[in-house]
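S.K.: Just dropping this structure here.
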Amino acid sequence: MTKSRESLLPEYAGTGPAIIEPSQTKAARVRLPSRAVLCFFGDVLKKLETRKEITVVHHLTSEMGKHPIYTLGSGKNRIALCHPGLGASMTAAFMEELIALGVKHIIACGGAGVLDKNLLPGAVIIPTGAIRDEGTSFHYQPRGRINRPHPHAVAAIKLACKHHGTPFKTGLTWTTDAFYRETPRKIRSRKREGCLTVEMEAAAFFAVARFRKIVFAQVLYAGDDVSGSEWDARRWATNRPTERQKLLLLAIDAVRRLS
């Protein structure tokens, strides 16, 4: 008895070209530095822009409007920075467009919910793999439980943390499309599998990077706590400017170690 087509969704798209490739867009006429940081902290990027520490050189576009791409530094130290949006689908598309613009080495930095209450707010986590509970990655890689970052990029983040005296933990993260459906049953299951954090992008990032053959890893900081019977927001998004700035600096240091 064969499985129904519905039971096989989402279908793996294979390795061939798509009808719309990111290199076909008008944006591909611009060339960016080969190294980039994807920063989920819009407040931090806006502050750097206000201080004129970063410069807008291009925009990605979506139905929400324009999304600036910045550059920082000069010469061999010049890197690109941008906010990648939110969720696996959008961030994967933005990552695709950055790669089409010439980016080959990427570090992402962002926050995550924790599945271990001992990870205090602001603690730094380097994911060594992401459990695939979203849809985007399945169009880039065949079925499988876990996606992995590039080991060279993970090593670069570790070196940056050690250089700055920043303690860190490594382990699995859980990538989900639906943070309002992080049920107690699923959380218990992911904890048993060894997940330290939950977020919405890592598995897709890892899949796109592997498909496009670029070097990528992500660094997270511990935010809200979903490990217990009740949600603990821990004021993670509104009261952590220092941690957010620190994480961006670590990501910048790490990506500059890649070549």
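S.K.: What order, most packed first, do the peptides 191-199, 116-124 have when packing is the mean number of other Cβ atoms within 10 Å of each residue?
M.R.: 191-199, 116-124
S.K.: Roughly how many Å is it from the Cα centre of the stretch 128-178 to that of the stretch 193-218, as a whole number?
M.R.: Taking the Cα centre of the stretch 193-218 as reference, the centre of the stretch 128-178 is 4 Å away.
S.K.: For Glu63 and Thr242, calculate 0.36 nm times their separation in residues minus their Cα-Cα distance, and state this gained length in nm to one decimal. The partial results should precede the final answer.
M.R.: Numbers: separation 179, 0.36 × 179 = 64.44 nm, distance 3.17 nm.
Stretched out fully, the Glu63 to Thr242 stretch lengthens by 61.3 nm.
S.K.: Can you give the calculated 222 nm mean residue ellipticity of the chain, where each DSSP H run of n ≥ 4 adds -39,500 (n - 2.57) and the sum is split over every residue, rounded to the nearest 500 deg cm²/dmol? Could the numbers behind the result be given before it?
M.R.: Details: 6 runs with 71 residues, N = 259.
Mean residue ellipticity, 222 nm, calculated: -8500 deg cm²/dmol.
S.K.: What does the stretch 26-66 give for Rg and for Dmax, in Å, if only its C-alpha atoms count?
M.R.: Cα only, the stretch 26-66: 11.8, 30 Å (Rg, Dmax).
S.K.: If you don't mind, another one. Testing the spin-label approximation: label points 7 Å from Cα along Cα→Cβ at Ala178 and Arg31. State their distance in nm.
M.R.: With each label placed 7 Å out from Cα toward Cβ, I get 4.6 nm.
S.K.: Ok, one more. Could you go through the stretch 121-127 in sequence order and give the Karplus-derived ³J(HN,Hα) for each residue, using 6.51 cos²θ - 1.76 cosθ + 1.60 with θ = phi - 60°, rounded to whole Hz, and x for Gly and Pro?
M.R.: Couplings: x, x, 4, 9, 10, 10, x Hz.
S.K.: If each residue of separation counts as 0.36 nm, what is the full-extension length gain between Asp232 and Lys47 once their alpha-carbon separation is subtracted?
M.R.: On the way: separation 185, 0.36 × 185 = 66.60 nm, distance 2.80 nm.
Here the segment from Asp232 to Lys47 would lengthen by 63.8 nm.
S.K.: Can I ask one more? The stretch 57-130: which GluC sites (Glu not before Pro) are DSSP loop and have at most 16 other beta-carbon atoms within 10 angstrom? Walk me through the intermediate numbers first.
M.R.: Numbers: sites: Glu63, Glu96, Glu97; in loops: Glu63.
Sites meeting the loop and neighbour criteria: Glu63.
S.K.: Here is a follow-up. What's the exposure ranking of Thr173, Thr15, Thr136, going from fewest to most Cβ atoms within 10 Å? Walk me through the numbers before you get to the answer.
M.R.: Numbers: Thr173 28, Thr15 9, Thr136 23.
The fewest-first ordering by Cβ neighbours comes to Thr15, Thr136, Thr173.
S.K.: If you don't mind, there's one more thing I want to ask. Just how large is the dipole of the chain about the Cα centre, in debye to the nearest 20, putting +1 at every Lys and Arg Cβ and -1 at every Asp and Glu Cβ?
M.R.: Working: 39 positive and 23 negative charges, 159 e Å.
The calculation lands at about 760 debye.
Taken together, the values in this text are just the output of simple stated rules run on the coordinates, not laboratory data. Quick caveat, the model's predicted, so the values are computed rather than measured. Note that we place each Cβ from the backbone using ideal geometry, even for glycine, and neighbour counts take in every protein chain shown.
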